[in-house]
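A.B. asks: Structure below; questions to follow.
The values are calculated or read from the model by the stated rules, or taken from the named source; none is laboratory data. Here the structure is a predicted model, which means the values were calculated and not measured. We place every Cβ from the backbone using ideal geometry, glycine too, and count neighbours over all the protein chains shown.
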Amino acid sequence: MTQDEIRQHVRAMILERFLEGQEPSVLKDDASLERAHIVDSVRALDLIVFIEETFGFTVDNEDAVPENFDTVNNIVGYVERKTAK
């Protein structure tokens, strides 16, 4: 899967589940999802389950950190690293 395809899946999920009814332009790829109050601890779990089911790998506990999940760009990079193996 290409980087653009991964980005499309991640953005679509966040817009559909967490920003329902919002314009896609409100979701900036480099904005902190936590600081923007888009993702909290419950939604983070939902996001992790989505990543696992969509991209076919398990997110290890030590990987569930802001460096991997706080922005769309971070999520895309993490998925690329995990699926490149």
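A.B. asks: Please tell me if residue 34 is in a loop (DSSP other than H, G, I, E, B) and of a type outside the set (A, V, I, L, M).
C.D. replies: Spelling it out, residue 34 is indeed in a loop (DSSP other than H, G, I, E, B) and of a type outside the set (A, V, I, L, M).
A.B. asks: Can you tell me which residue in region 15-31 is surrounded by the most Cβ atoms within 10 Å (Cβ to Cβ), limited to those that are in a helix (DSSP H, G or I) and touching a helix residue (DSSP H, G or I) at 6+ places or on another chain (Cβ under 7 Å)? Break it down into steps so the answer makes sense when it comes.
C.D. replies: Going through region 15-31, the residues in a helix (DSSP H, G or I) turn out to be 15-17, 24-26.
The next check asks that each one be touching a helix residue (DSSP H, G or I) at 6+ places or on another chain (Cβ under 7 Å); those that pass are 15, 17, 24.
Working: 15: 17, 17: 12, 24: 10.
Selected residue: 15.
A.B. asks: Inspect all residues belonging to region 49-63 and state whether any of them is surrounded by fewer than 16 Cβ atoms within 10 Å (Cβ to Cβ), among the aromatic types (Phe, Trp, Tyr), outside any helix (DSSP H, G or I) and in contact (Cβ under 8 Å) with a residue 12 or more places away in the chain.
C.D. replies: yes
A.B. asks: Pick from region 37-48 the residues that are in a helix (DSSP H, G or I) and of a type outside the set (D, E, K, R): which of them is modelled with the lowest pLDDT? Talk me through it step by step, then tell me what you get.
C.D. replies: Of region 37-48, the ones in a helix (DSSP H, G or I) are 41-48.
Among the residues that remain, those that are also of a type outside the set (D, E, K, R) are: 41-42, 44-45, 47-48.
Numbers: 41: 88, 42: 92, 44: 94, 45: 94, 47: 96, 48: 97.
Residue satisfying both the conditions and the ranking: 41.
A.B. asks: Residue under question is residue 36, and the condition is that it be within 20 Å of residue 24 (Cα to Cα) and of a type in the set (Gly, Ala, Ser); does it hold?
C.D. replies: Yes, satisfied.
A.B. asks: Got a sec? Which of 35, 43 is at negative phi and more than 11 Å from the chain's Cα centre (by Cα)? Spell out the reasoning first.
C.D. replies: Values: 43 fails: more than 11 Å from the chain's Cα centre (by Cα).
Sole residue among the options that is at negative phi and more than 11 Å from the chain's Cα centre (by Cα): 35.
A.B. asks: For residue 68, indicate whether it is surrounded by fewer than 17 Cβ atoms within 10 Å (Cβ to Cβ) and free of Cβ contacts under 8 Å to residues at least 12 places away in the same chain.
C.D. replies: Against the criterion (surrounded by fewer than 17 Cβ atoms within 10 Å (Cβ to Cβ) and free of Cβ contacts under 8 Å to residues at least 12 places away in the same chain), residue 68 does not qualify.
A.B. asks: As an exercise: evaluate residue 39 against (1) within 17 Å of residue 6 (Cα to Cα); (2) touching a residue at least 24 places away in the same chain (Cβ under 8 Å); (3) crowded, with 18+ Cβ neighbours inside 10 Å and give the number of the one condition it does not meet.
C.D. replies: All conditions are met except number (1).
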